[in-house]
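Let me begin by presenting the structure, written as structure tokens, before commenting on it.
None of the figures in this text is laboratory data; all of them are computed from the coordinates on show. Every value quoted in this text rests on a predicted model; they were computed, and no experiment measured them. With ideal geometry, Cβ positions are generated from the backbone for all residues, glycine too; neighbour counts draw on all protein chains shown.
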Amino acid sequence: MALFALSFVAAGCSARMQLDPVLTAKAVEQPVKGTTWAAFRKPVTFASYTAKLTKGGFQTSTSASLGPYERKQSKQKFEYTLIGGTPASWTGACAFGQSSQEALFPISNDAGLVCTMRPESGGGWQLELKTQGKLYGPNSLNGSMTDGTTTLSIAMVHRLAGNAFQSAKPVGYEIRDAGGVAIAAVQIYNPQFVWIDPGLPAELQTAIAAAAAGLLVSGKSADDINEKPQNGGSSFGPRH
């Protein structure tokens, strides 16, 4: 694991998440700009899309002692707009590790991240990712996004391209259609990128872009998942 940690860092600014060749054969790699300053209302841009936070965005952490252990809790909540797609204007709202959150459809009590994305023309999509602990691997956020008719699966990726080992830290998310075909990906590891299949219907591409904006802004919270697992956003570990 120590050797892998070194190779993970050595990959540096040229690193890419492991991607399905089916996706890379169709989708252009779109660099992301502005995520670092998103909470300060700076725009986040990729492809033809511009997202901008309108409320919240800062990650908060609290801790409490229990004997020799310390309980850590991390939360994040924000609202944003997205322009540049079809329809041209969308609004979104995301909550990470929150007990109450906006929802278009019923959500699970153990949801780690929930985002709603609404186009100006009505309707909307909902993204829900749950914490899934693994006995012999890193903890992950996995789930889906749906508009009530179409459902896409979303899986956290823990491997960089060309690397034989998984990292505890997530590097991105892969999005697949109902048939299991990779149609999009979001790299939250720096540098950040988005890939979306250009053959998808225009509104579906934009719905994925709106979801990608939420995944990018919540990337730091997700990055902490194996240090502070999000099932209500808490974990116990020895105090230092």
Problem set entry | Estimated inter-spin distance, ASN142 and ASP177, nm [label 7 Å along Cα→Cβ] | 2.2 nm
For this session: Among GLY123, GLY172, SER89, pick out the residue whose Cα is farthest towards the positive end of the charge dipole of segment 75-188, where Lys and Arg carry +1 and Asp and Glu carry -1 on C-beta, about the Cα centre.
Result: GLY172
Seminar exercise, completed: Taking a crude spin-label model, label points 7 Å out from Cα along the C-beta direction, the GLU79 to SER14 distance in nm is 4.5 nm
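Compare the peptides 22-33, 200-211, 76-87 by average per-residue count of other Cβ atoms within 10 angstrom and give them in order, highest first. Please report the intermediate quantities before stating the final value.
On the way: 22-33: 15.3, 200-211: 21.2, 76-87: 19.3.
Put in order of decreasing packing, that is 200-211, 76-87, 22-33.
From the cross-link list LYS26/LYS220; LYS33/LYS130; LYS26/LYS169; LYS26/LYS130; LYS75/LYS169; LYS26/LYS55, which pairs have alpha carbons spaced over 25 Å apart? Numbers along the way, then the final one.
Numbers: LYS26/LYS220 28 Å; LYS33/LYS130 27 Å; LYS26/LYS169 27 Å; LYS26/LYS130 29 Å; LYS75/LYS169 18 Å; LYS26/LYS55 35 Å.
Violating the 25 Å Cα-Cα cut-off are LYS26/LYS220; LYS33/LYS130; LYS26/LYS169; LYS26/LYS130; LYS26/LYS55.
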Seminar exercise, completed: Between ALA25 and LYS52, the FRET efficiency computed from the C-beta separation at R0 = 35 Å comes out, to the nearest 0.05, as 0.65
Exercise. Assuming R0 = 22 Å, what is the FRET efficiency of SER108 and THR150, from their Cβ-Cβ distance, to the nearest 0.05?
Worked result: 0.65
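Could you compute the net charge surrounding GLY123? Neighbours are other residues with a C-beta less than 11 Å from the C-beta of GLY123; K and R count +1, D and E count -1. Show your work: numbers first, answer last.
Numbers: positive: ARG118; negative: GLU120, ASP147, GLU203.
Result for the local shell: -2.
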Exercise. For labels at SER61 and THR36 in the simple 7 Å Cα→Cβ model, what's the distance in nm?
Worked result: 1.9 nm
Seminar exercise, completed: Under 5 Å from the placed amide H of PHE58, counting only residues 5+ away or on other chains, we find LYS77
